[in-house]
Amino acid sequence: MPETSYAGDYRPEVTDLSREELRNFLDWCAKLLGYEPTIIGGWAVYAHVPGHLGSRDIDVVFPTNRAIDEVMDRYYAYNGFKCEGDLEKTFHKEAMVDGKTEKIIYDATSYERRNRLKEKDSIEIPWNLIETHKERKDLAGLSLWTPSLELLLLYKVKAYRDRSHELLHKGLLITPGDRNRLNSKIWKDAEDIKALDGLGKTGKKELNQLLRQTGFKEYYKETMREIRRVSQDCTKCGKTIRAGNPSQLKINVALHLKKHEIDGY
Ligand SMILES: [Zn+2]
């Protein structure tokens with residue numbers, strides 16, 4: 001099995017474009033709205049861990065659904081975004097990087113939308129926790145609101161689990177291109193979690209309070225154990241099995257054991 005890194009998907013030529021787009025968006029919000037939505041996802045991680053991998057997508061949280069429509073529709077219209085899709089509309093801006101077309105996509109949510117865990121929908125990490133757990137951060141001269149380190153870890157671990165769940169349950173039903181995009185996102189989630197965790201600044205009290213409040217504790221702990229493991233020795237032959245991310249490692253181990261089964265030892 002090949003070891004996979006998706007670092008190329010986050011090379012500076014691409015992420016610099018996304019960061020300049022983010023700068024334009026925040027300036028626009030400050031001037032025209034008088035307030036700024038909170039930045040989550042990859043750029044929030046970067047704000048907490050300067051020098052880490054940048055982001056392609058821009059993930060934003062607004063207080064209300066109405067605010068998303070009012071702000072984003074106007075923003076897209078005035079800033080040359082293209083619309084795609086009929087029922088579920090998405091907007092993107094295209095840019096040429098090394099002769100290849102790259103897309104910058106906004107993903108906007110609000111406190112009014114649910115953020116349930118896919119594998120167990122009674123568990124939720126509500127978006128409005130941001131109201132009581134947010135920090136003002138500096139990102140390469142850009143000042144923005146992000147979730148606190150502890151809350152961002154919960155959101156990231158939840159996203160990692162949701163995507164891993166999706167890969168496990170839809171892995172063979174989706175196209176190779178979509179599967180590759182999903183694997184790349186899982187790899188990035190794992191890198192983001194490792195970087196946030198690696199700061200060694202996580203406040204135990206705040207983290208434990210959030211984990212208790214959301215019921216997410218066991219899932220969180222299991223994922224943190226998994227994230228730190230990217231190779232495993234075969235219990236039958238001792239061979240070290242490696243993978244680019246923990247989800248892929250699970251698959252590689254299963255395939256390796258299947259081979260033993262077929263070979264009959
Ligand atoms: Zn083996």
**Request:** Search segment 193-210 for residues that are within 18 Å of Glu222 (Cβ to Cβ) and pair each with any residue that is among the hydroxyl-bearing types (Ser, Thr, Tyr) and surrounded by 14 or more Cβ atoms within 10 Å (Cβ to Cβ) when their beta-carbon atoms are under 7 Å apart and the residues are at least 6 apart or on different chains.
**Result:** Ile193/Tyr160
**Message:** Just checking, does segment 228-243 include any residue being more than 16 Å from the ligand (Cβ to nearest atom) and assigned to a helix (DSSP H, G or I)?
**Reply:** no
**Asked** Which of the following residues is within 29 Å of Ala195 (Cβ to Cβ), touching a Phe, Trp or Tyr at 6+ places or on another chain (Cβ under 8 Å), assigned to a helix (DSSP H, G or I) and of a type outside the set (Ser, Thr, Tyr): Phe25, Phe91?
**Response** Phe25
**Prompt:** Within segment 134-214, which helices (runs of 4 or more DSSP H) (wholly inside it) include 1 or more residues that are at pLDDT below 95?
**Reply:** 149-170, 176-198
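Which is farther than 27 Å from Ser148 by Cβ, hydrophobic (A, V, I, L, M, F, W, C) and touching a His at 6+ places or on another chain (Cβ under 9 Å), of Ile241, Ile251? Give the derivation first.
On the way: Ile251 fails: touching a His at 6+ places or on another chain (Cβ under 9 Å).
Checking each option against the conditions leaves just Ile241.
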**Request:** Go through the residues of segment 101-109 one by one and say whether even a single one is assigned to a loop (DSSP other than H, G, I, E, B) and not basic (Lys, Arg).
**Result:** no
**Asked** Going through segment 68-88 one residue at a time, which ones are within 16 Å of Lys31 (Cβ to Cβ) and part of a loop (DSSP other than H, G, I, E, B)?
**Response** Asn79
**Message:** Pull out all pairs, ordered by first then second residue, where Cβ-Cβ is under 7 Å, the residues are six or more apart or on different chains, the first lies in segment 149-170 and is among the polar types (S, T, N, Q), and the second is assigned to a helix (DSSP H, G or I).
**Reply:** Ser164/Ile186; Ser164/Ser247
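The values are calculated or read from the model by the stated rules, or taken from the named source; none is laboratory data. Being a predicted model, the structure only gives us computed values, none of them experimental. Please note: Cβ atoms are built from the backbone with ideal geometry, for glycine as well, and neighbour counts cover all protein chains shown.
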